[in-house]
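Shown next, in structure tokens, is the structure this report addresses.
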Amino acid sequence: MKKIKLSLLFLSLLGICLTGCNSNNIVDDPNNDNAQDNEKNNGENDCENINVSNKAMVVYFSATGNTRRVANMISSYIDSPIYELEPVDPYTQEDLNYNDSNSRVSKERNDPNHLTELVNANFDEFDESKYIFIGAPIWWGQLSWVINDFVLSNNFLDKTIIPFATASSSSFNIGGLKHLSEEATWLEGRRFRISEINEETINSWIDSLNINF
Ligand SMILES: Cc1cc2nc3c(=O)[nH]c(=O)nc-3n(C[C@H](O)[C@H](O)[C@H](O)COP(=O)(O)O)c2cc1C
């Protein structure tokens, strides 16, 4: 009889613990009305450590270093893996001259079939990541097409893409990107002006996503 009582006590305690963990993990959906529950956890909750469903990774292309700085800040804030997309044929300063209609970028922009081939478009942590931050510079008002090979080479079913960009001034619209992966959930994302590249701005943007990374 004493053994049965002890077993019941153990099961009750286990139940309380599991319920406690669950209540903090119903935070997958960024559109969840309980936004305040989704605030970034600062490691105070041990249960968070067993929640693998909100894993994230950062993947980016950067031609002149600005987007790389943002990518590094995101990755250190959420403590995620980070990968740089490297074109097989890297862009030189001359290639990037958007004032020259014969430059590489100008020609690529005008070729509807162009795809910049990447050294690697598949990364180890992809399968287990639910949120994929994808960053690039803005080229002519859109996220640079250098990310296309990565998006087209992976299956984003049940995954959420969070685009981010750097630019002198232009914003971007995900409407022009969604065709790259129809199965993905696309968040609106964010463009950072070069003057906005600092931890305070980037961390507060991540907080505003209300995702418990
Ligand atoms: C080919 C090309 C096109 C660009 N088009 C735009 C644009 O339409 N709007 C804008 O605000 N900045 C534009 N820029 C500036 C870049 O978006 C900006 O410098 C960005 O931060 C570069 O990022 P990166 O250093 O990661 O390559 C362009 C730059 C290049 C090279």
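The values are calculated or read from the model by the stated rules, or taken from the named source; none is laboratory data. Computed from a predicted structure; not experimentally measured. Every residue, glycine among them, receives a Cβ derived from its backbone with ideal geometry; neighbour counts consider all protein chains shown.
Details
- Candidate set from segment 151-189 (those that are in a loop (DSSP other than H, G, I, E, B) and among the aromatic types (Phe, Trp, Tyr)); member that is nearest to Ile206 (Cα to Cα): Phe172
- Residues (more than 6 Å from the ligand (Cβ to nearest atom) and either farther than 24 Å from Thr116 by Cβ or among the small types (Gly, Ala, Ser) (or both)) located in segment 61-81: Ala71, Met73, Ser75, Ser76, Tyr77, Ile78, Asp79, Ser80
- Every residue from segment 51-72 that is part of a helix (DSSP H, G or I), surrounded by fewer than 21 Cβ atoms within 10 Å (Cβ to Cβ) and in contact (Cβ under 8 Å) with a residue 12 or more places away in the chain: Asn66, Arg68, Arg69
- Each residue in segment 98-123 was checked for being in a loop (DSSP other than H, G, I, E, B) and more than 11 Å from the ligand (Cβ to nearest atom), and 15 pass.
- Contact map, segment 184-211: first residue more than 19 Å from Ala167 (Cα to Cα), second residue part of a strand (DSSP E or B) and at pLDDT 95 or above, Cβ cut-off under 6 Å, separation 6 or more or different chains; pairs are Ala184/Ile161; Thr185/Thr160; Trp186/Ile161.
- Residue match in segment 82-97 (condition: aromatic (Phe, Trp, Tyr) and assigned to a helix (DSSP H, G or I)): no
- Residue list for segment 131-155, restricted to those being near the ligand (Cβ under 10 Å from one of its atoms), more than 19 Å from Asn72 (Cβ to Cβ) and among the small types (Gly, Ala, Ser): Gly141
- Glu108 out of contact with any His (no Cβ under 7 Å at 6 or more places or on another chain) and acidic (Asp, Glu): no
- A single entry from Trp205, Trp140 fulfils the requirement of being at pLDDT 95 or above and on the phi > 0 side of the Ramachandran plot: Trp140.
- Criterion (over 21 Å from Glu108 (Cβ atoms), polar (S, T, N, Q) and more than 12 Å from the chain's Cα centre (by Cα)) met by exactly one of Ser171, Ser129, Ser144: Ser171
- Filter result for the condition that a residue is touching a residue at least 60 places away in the same chain (Cβ under 8 Å) and crowded, with 20+ Cβ neighbours inside 10 Å, over Ile147, Ile161: Ile147
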